[in-house]
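The values are calculated or read from the model by the stated rules, or taken from the named source; none is laboratory data. Worth saying up front: this structure is predicted, and the values here are computed from it rather than measured. Glycine also receives a Cβ, built like all others from the backbone with ideal geometry; neighbour counts cover every protein chain displayed.
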Amino acid sequence: MALDYSEKVMDHFSNPRNVGEIENPDGVGEAGNPKCGDIMKIYLRVRDNVIEDVRFKTFGCASAIASSSMATEMIKGKTVDEAWDLTNRAVADALDGLPPIKMHCSVLAEEAIHRALNDYRSKHGLEVLPIEEFDHEHDHCSV
């Protein structure tokens, strides 16, 4: 089954931004479904409450990689609170849309960022915020 990906999805898949790890990160978050193979890991470097650097490692389909790339671009330079407000819908919209069967990939990006931000918060004695859990057992696992 061929999926109709936007030019932005293909650009962020072919030329992903912010790939890699951050040594001694201020926050790390992971989200995904090992059964599908879509796993995202987000690394944060925070200075004066601002996300100075963000990197990701994603194992998954084009939508998962593009969502990770776009999401990291969208939170770099933002405050921790501003980054928390990033939604999967904003990521999908910034990519000019994702096929409906692939929307869960943008949810993974939101969830991994929330987990990384909460990791940062807990390391700095700040309140850890509740994360809306997505049911990864029932997302769509096709390529």
Among Ala90, Ala109, Ala64, which is of a type in the set (A, V, I, L, M), closer than 24 Å to Val128 by Cβ and crowded, with 24+ Cβ neighbours inside 10 Å? Ala109
Going by what's in this entry, would Gly77 be described as touching a residue at least 12 places away in the same chain (Cβ under 8 Å) and either part of a helix (DSSP H, G or I) or surrounded by fewer than 21 Cβ atoms within 10 Å (Cβ to Cβ) (or both)? yes
In contact with a strand residue (DSSP E or B) (Cβ under 7 Å, 6 or more places away or on another chain), surrounded by fewer than 24 Cβ atoms within 10 Å (Cβ to Cβ) and not in a helix (DSSP H, G or I): is that true of Ile39 in this structure? yes
Test: residue in the stretch 83-102 that is more than 16 Å from His12 (Cβ to Cβ), assigned to a helix (DSSP H, G or I), at pLDDT below 95 and out of contact with any Gly (no Cβ under 9 Å at 6 or more places or on another chain): yes
In the set Val46, Val54, Val28, the lone residue that is β-branched (Val, Ile, Thr), surrounded by fewer than 21 Cβ atoms within 10 Å (Cβ to Cβ), at pLDDT 95 or above and not in a loop (DSSP other than H, G, I, E, B) is Val28
